[in-house]
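Trainee: One structure follows; several queries about it will come next.
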Amino acid sequence: MPALTFLHGEASRSAGEVDGAFIFIAAICIFFFLLTQGFLIYFALRYRRKKGEPDVETPYITDNHTLETVWVIVPSLLLLAIFAYGYVVFIDLKSPLAHATEIAVTAQQWQWSFTYPDGRTVVGELRLPVGRPVKLTMTSRDVIHGFFIPAYRQKQDVLPGRYTYLWLEPDRVGSYDIFCSQYCGTGHSLMRATLVVMPAAAYAQWVEQQEAKARQAKAGTEPLAEKGEELMEQSGCLGCHTVDGTPKVGPTLKGLYGKSVPLSTGQSVTADDDYIRESIVDPNAKIVKGFPPIMPTFRGKLSADDIRAIIAYLKTLH
Amino acid sequence: MTERAAAVPLADRGYLTERGFRAWATTLDHKRIGVMYLFTTLFFFLVGGLFAIVIRLKLMTPGPGFISDHTYNVFFTIHGALMIFIFVIPAIPSSLGNFFIPLLIGARDVAFPRLNLFSYWLFVAGICVVFGSLLNPMDTGWTFYAPYSTRTAAAVTVLAFGLFMTGMSTILTGLNFVVTIHKLRAPGMTWYRMPLFIWAMYATSIINVLATPVIGITFLLLAAERLFGIGFFDPAKGGDPLLFQHFFWFYSHPVVYVMILPAMGIISEVIPVFARKPIFGYKAIAYSALAIAFISFLVWGHHMFVSGMSTVAGVIFSFLTFFVAVPTGIKIFNWIATLYKGSIHLDSPMLYALTFIFHFIIGGLTGMFLGALGTDVHVHDTYFLVGHFHYTIMGGTIMGLFAGLHYWFPKMTGRLLDELRAKLAWLFIIVGFNVTFFPMFILGYLGMPRRYAEYPPRFQTLHIVSTVGSWVLTIGIAIMFLNFLRCMRKGQPAPANPWRALTLEWQTASPPATDNFETIPTVTTWPYGYGKKGDAGE
């Protein structure tokens, strides 16, 4: 099947199939485009009368049943063909793949997190080995999101309170965009992630490293600031806050600790331990000037120990 | 610069004779009510357009811009909500429909003139409530998808009540038109002697009466969920977010035909007049309007192929969707066939009518990619959809409205438009429109999602092209509106029938008197008897 690779690459089998349907429909559409626009413009110019010229006598044509019938039947058949092609591709996209690795996808405002079969969760990046089919089981923690990989021509809305599925076949090593395609609020356009398709060996090595790190954390031998960094990644803080000094949906966390923070009330407050704790458990108590009051509370999600670790990490961001 | 000669005063100002706020605000004359609707809706077209211009400016750069992401979200919501609910839905039916339905069927007014006035003021009151919500403006998009819309801090409830009121006004107007068309046709005007604009307005009114209550109820449920915490849509409260989408599209899909059918009606009037040919396939056009109205109720699920709705439902909705393409194709075929061997005069109404067909073909054909399941998965919720929608509604409906405004301007104001300026505006509009919206098909295929305040830099070039196009489009629309405003007061007085048309509104004075006709005409033939009979007939 020819692919529209001159526009953007075909990174999985699904891309080739969808592009095939695209080309089929485009061929029919271009034919009808030329036919109808051709007659429209040709007639408009051919039978044109200039202002002031007398009326040319026109024939009294009101109907032509044969032509009208042909115009109904031929396009109807082509429409059926378009439907059928779209149907076949759709069913194929929706069909389960055998021996697929299951990965859980959790969407929340405004980040994607991916949980691997071994229990590890990674935010903002989905790493897959090339050539192995994958089943994504997706749900949302808050509102509706849309999981969209343009390079795979695949998309599926992600809903709160239920699971939706997507089957992927990563055929080519590379790095691809994952977008949120369903509008979900202030940070919608920044709710992006990366799909990294790796050679099998490199993938295995990466898994090894990740698991070693996880063991360390479990044993409690991990430094507090490192634990804080991981907690921030897992809790989605970095969906809205950066650690490099640029403001995103929320203010940056770089250099925050100990700084004087201007508030929307016109006052300012020093970002000490208790201010940071309050901002996590009761975010709307004090709003930073110039930012919308939209942060959700993390009360009950992060323990006192967790918050201590996060503060330890924030102290390192200077 | 020398001052031009003062405008020639009209010999008879017809229905416009009485002046003053009170005379307008309490009028029962369908023509005055139509004019009030026209000014109101066109005003909000310009306001909605300003938001679009800011949106396009923001999208010239991929990163954070001169407005925050939140403000951007608010702006595209206001743009969409104003354009859809306050402008496009009422624009042609309530303004031109109100003005011309009685004139085209040879009646003195609509069936319920007081209800008509009430509808207008209910519409205005609804707009005021909608504007009340701007104190805490909406950021949900015009689609209000739950549970985001039930959770956001914005004034969704207030906006929902405002739109409930404008929707109520739409229902009453629809009811008024259905009764008017049934009961008030001039003697001799059988159904098959009705102008096609009337058929289109009849189909539109039926959709308005049947579908609008559904969105009204949906808005009430949304308000109940927000105010009293009743879980209709939010799964956290035991609701179902897909239920909202079903309700919403059960209304909002038929409503795209409320937007397009009246424009199709205008095109069916303009083309025979300016081609000096009988309309080709009268019955096919009339019945296809009813067919579109009927099928439009069965295809709402094609907005939900990737929503998580069942695969089987997706397949059924896709199949049904392609049926809508058939009657639409019939209309396009008949319009083009009407041009054959015509004596075509490319005046401004005709230019806009042809532009409507040109754009609508593109809008319709790109709809194939969205109606087919496999391809919709990729282009759904991308700029491809934004392009498709604007080609049908902005490139279609609004071009149809412009065609109607240029066509009926002499009748409504008693004055002629400056044709040169009208054509200049048209040139800017057709170039600007296509430069703005065509790149969106490519952007969408490349994967650019809609409603993105910020985007990856690789999309920037096409966004810049689109933004530059929006400036050309703006210039065109500015020229057109200035032409309207100038010629309303200073245009040459118009004869009763400047286009030599055969429909009834042109057989009375320009502007018409308050009671439309001196004596109610008796109709003996259809209104498209152009050309020489017996000459290559059938």
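Trainee: Which residues, taken from the stretch B:372-395, are within 14 Å of another protein chain (Cβ to nearest Cβ) and either touching a His at 6+ places or on another chain (Cβ under 6 Å) or under 28 Å from B:THR41 (Cβ atoms) (or both)?
Mentor: Correct list: B:TYR383, B:LEU385, B:VAL386, B:GLY387, B:HIS388, B:TYR391, B:GLY395.
Trainee: A follow-up question, please. Answer yes if at least one residue in the stretch B:283-293 is within 9 Å of chain A (Cβ to nearest Cβ), part of a loop (DSSP other than H, G, I, E, B) and of a type in the set (D, E, K, R), and no otherwise.
Mentor: First, the residues of the stretch B:283-293 that are within 9 Å of chain A (Cβ to nearest Cβ): B:283-284.
When the remaining residues are screened for being part of a loop (DSSP other than H, G, I, E, B), the result is none.
Taking every residue of the stretch B:283-293 in turn, none turns out to be within 9 Å of chain A (Cβ to nearest Cβ), part of a loop (DSSP other than H, G, I, E, B) and of a type in the set (D, E, K, R).
Trainee: Specify which of the listed residues (B:PHE280, B:PHE247) is touching a helix residue (DSSP H, G or I) at 6+ places or on another chain (Cβ under 8 Å) and not in a helix (DSSP H, G or I).
Mentor: Step by step, each of B:PHE280, B:PHE247 is checked, and only B:PHE280 is touching a helix residue (DSSP H, G or I) at 6+ places or on another chain (Cβ under 8 Å) and not in a helix (DSSP H, G or I).
Trainee: Oh, and also: Could you count how many residues in the stretch B:416-449 are crowded, with 22+ Cβ neighbours inside 10 Å and either in a loop (DSSP other than H, G, I, E, B) or basic (Lys, Arg) (or both)?
Mentor: Qualifying residue count, the stretch B:416-449: 3.
Trainee: Out of the stretch B:479-538, which residues are within 14 Å of chain A (Cβ to nearest Cβ) and either farther than 19 Å from B:ARG276 by Cα or not in a loop (DSSP other than H, G, I, E, B) (or both)?
Mentor: B:LYS532
Trainee: Right, here's the next one. Within the stretch B:191-203, is there a residue that is surrounded by fewer than 19 Cβ atoms within 10 Å (Cβ to Cβ) and either at pLDDT below 90 or over 19 Å from B:ALA286 (Cβ atoms) (or both)?
Mentor: No, the stretch B:191-203 contains no residue that is surrounded by fewer than 19 Cβ atoms within 10 Å (Cβ to Cβ) and either at pLDDT below 90 or over 19 Å from B:ALA286 (Cβ atoms) (or both).
Trainee: While we're on this one: Kindly provide the set of residues from the stretch A:84-112 that are free of Cβ contacts under 8 Å to residues at least 60 places away in the same chain, open to solvent by less than 50 Å² (accessible area, probe 1.4 Å) and either facing another protein chain (nearest Cβ under 9 Å) or assigned to a helix (DSSP H, G or I) (or both), ordered by number.
Mentor: Scanning the stretch A:84-112 gives A:ALA84, A:PHE90.
Trainee: Sticking with this structure for a sec: Within the stretch A:298-318, can you find the residues that are crowded, with 19+ Cβ neighbours inside 10 Å and in a strand (DSSP E or B)?
Mentor: Answer for the stretch A:298-318, where residues must be crowded, with 19+ Cβ neighbours inside 10 Å and in a strand (DSSP E or B): just A:LEU302.
Trainee: Now for a separate question. Failed condition for B:PRO327, given (1) surrounded by fewer than 20 Cβ atoms within 10 Å (Cβ to Cβ); (2) at the interface with chain A (Cβ under 10 Å from one of its Cβ atoms); (3) within 23 Å of B:THR366 (Cα to Cα), with all others met?
Mentor: For B:PRO327, the exception is condition (1).
Trainee: Kindly indicate whether A:VAL18 is facing another protein chain (nearest Cβ under 8 Å), open to solvent by 80 Å² or more (accessible area, probe 1.4 Å) and either part of a loop (DSSP other than H, G, I, E, B) or of a type in the set (Val, Ile, Thr) (or both).
Mentor: Answer is no for this residue.
Trainee: Taking only the stretch A:24-50 into account, find how many residues are more than 7 Å from every other protein chain (Cβ to nearest Cβ) and not in a helix (DSSP H, G or I).
Mentor: Residues that pass the stated criteria total 1.
Trainee: Just checking, how many residues over the stretch B:141-169 are within 14 Å of another protein chain (Cβ to nearest Cβ) and either assigned to a helix (DSSP H, G or I) or surrounded by 24 or more Cβ atoms within 10 Å (Cβ to Cβ) (or both)?
Mentor: Number satisfying all stated conditions: 8.
Trainee: How many residues are at pLDDT below 90 and either within 14 Å of chain B (Cβ to nearest Cβ) or assigned to a loop (DSSP other than H, G, I, E, B) (or both) if we restrict to the stretch A:191-220?
Mentor: Qualifying residue count, the stretch A:191-220: 2.
Trainee: Ok, one more. In this structure, does A:VAL72 turn out to be part of a strand (DSSP E or B) and surrounded by 13 or more Cβ atoms within 10 Å (Cβ to Cβ)?
Mentor: no
Trainee: Related question: Just checking, which of B:ILE67, B:ILE53 is over 25 Å from B:VAL258 (Cα atoms), open to solvent by 10 Å² or more (accessible area, probe 1.4 Å), in contact (Cβ under 8 Å) with a residue 60 or more places away in the chain and aliphatic (A, V, I, L, M)?
Mentor: From the options B:ILE67, B:ILE53, the qualifying one is B:ILE53.
Trainee: Working only within the stretch B:95-128, note down all residues that are farther than 18 Å from B:ILE171 by Cα and assigned to a helix (DSSP H, G or I).
Mentor: B:PHE100, B:PRO102, B:LEU103, B:LEU104, B:ILE105, B:CYS128
Trainee: For the stretch A:51-83, what are the residues that are β-branched (Val, Ile, Thr), closer than 30 Å to A:GLY20 by Cα and at the interface with chain B (Cβ under 7 Å from one of its Cβ atoms)?
Mentor: Those that are β-branched (Val, Ile, Thr), closer than 30 Å to A:GLY20 by Cα and at the interface with chain B (Cβ under 7 Å from one of its Cβ atoms): A:VAL72, A:ILE82.
Trainee: Sticking with this one: Picking from B:THR461, B:THR474, B:THR467, which residue would you name as being surrounded by 19 or more Cβ atoms within 10 Å (Cβ to Cβ), of a type in the set (Ser, Thr, Tyr) and out of contact with any Lys or Arg (no Cβ under 7 Å at 6 or more places or on another chain)? Talk me through it step by step, then tell me what you get.
Mentor: Numbers: B:THR461 fails: surrounded by 19 or more Cβ atoms within 10 Å (Cβ to Cβ); B:THR467 fails: out of contact with any Lys or Arg (no Cβ under 7 Å at 6 or more places or on another chain).
Unique residue meeting the criteria: B:THR474.
Trainee: Limited to the stretch B:122-140, what total is found for residues that are away from chain A (no Cβ under 14 Å) and free of Cβ contacts under 8 Å to residues at least 24 places away in the same chain?
Mentor: 1
Trainee: Can you pull out every residue in the stretch A:113-160 that is more than 14 Å from chain B (Cβ to nearest Cβ), open to solvent by less than 20 Å² (accessible area, probe 1.4 Å) and assigned to a strand (DSSP E or B)?
Mentor: Listed by number, the residues that qualify are A:SER113, A:PHE114, A:LEU126, A:LEU128, A:PRO129, A:VAL134.
Trainee: Would you check if there is a residue in the stretch B:17-37 being in a helix (DSSP H, G or I) and β-branched (Val, Ile, Thr)?
Mentor: yes
Trainee: From (1) assigned to a loop (DSSP other than H, G, I, E, B); (2) touching a helix residue (DSSP H, G or I) at 6+ places or on another chain (Cβ under 6 Å), pick out the condition that doesn't hold for B:GLY188.
Mentor: (2)
Trainee: Additional query: Does A:GLY228 meet the test of being open to solvent by less than 10 Å² (accessible area, probe 1.4 Å), at pLDDT below 90 and in contact with a Cys (Cβ under 9 Å, 6 or more places away or on another chain)?
Mentor: Details: open to solvent by less than 10 Å² (accessible area, probe 1.4 Å): yes; at pLDDT below 90: yes; in contact with a Cys (Cβ under 9 Å, 6 or more places away or on another chain): no.
Considered against the rule, which asks whether it is open to solvent by less than 10 Å² (accessible area, probe 1.4 Å), at pLDDT below 90 and in contact with a Cys (Cβ under 9 Å, 6 or more places away or on another chain), A:GLY228 comes out as no.
Trainee: Right, next: Taking the stretch B:484-535, which residues are touching a strand residue (DSSP E or B) at 6+ places or on another chain (Cβ under 9 Å), open to solvent by 40 Å² or more (accessible area, probe 1.4 Å) and in contact (Cβ under 8 Å) with a residue 24 or more places away in the chain?
Mentor: B:MET488, B:ARG489, B:LYS490, B:GLN492, B:PRO493
Trainee: In addition: Please state which of the following conditions A:ASP19 fails to meet, knowing it meets all the rest: (1) in contact (Cβ under 8 Å) with a residue 40 or more places away in the chain; (2) within 30 Å of A:PRO160 (Cα to Cα).
Mentor: (2)
Trainee: Can you name the residue in the stretch B:300-324 that is surrounded by fewer than 22 Cβ atoms within 10 Å (Cβ to Cβ) and of a type in the set (Gly, Ala, Ser) and, of all such residues, is farthest from the other protein chains (Cβ to nearest Cβ)?
Mentor: B:ALA313
Trainee: Hey, could you check the stretch A:248-257 for residues that are of a type outside the set (D, E, K, R) and in contact (Cβ under 8 Å) with a residue 24 or more places away in the chain and say which is farthest from the other protein chains (Cβ to nearest Cβ)? Please lay out each step first, then the result.
Mentor: At the first step, the residues of the stretch A:248-257 found to be of a type outside the set (D, E, K, R) are A:249-253, A:255-257.
Checking the rest, the ones that are also in contact (Cβ under 8 Å) with a residue 24 or more places away in the chain come to A:249-251, A:253, A:255-257.
Numbers: A:VAL249: 7, A:GLY250: 11, A:PRO251: 13, A:LEU253: 17, A:GLY255: 19, A:LEU256: 19, A:TYR257: 24 Å.
In this case the residue turns out to be A:TYR257.
The values are calculated or read from the model by the stated rules, or taken from the named source; none is laboratory data. Computed from a prediction, not measured in an experiment: that's the story for all the values here. Backbone-built Cβ (ideal geometry, glycine too); neighbour counts: all protein chains shown. Note: areas computed on protein heavy atoms with side chains; ligands, DNA, RNA excluded. Shrake-Rupley method; radii C 1.70, N 1.55, O 1.52, S 1.80 Å.
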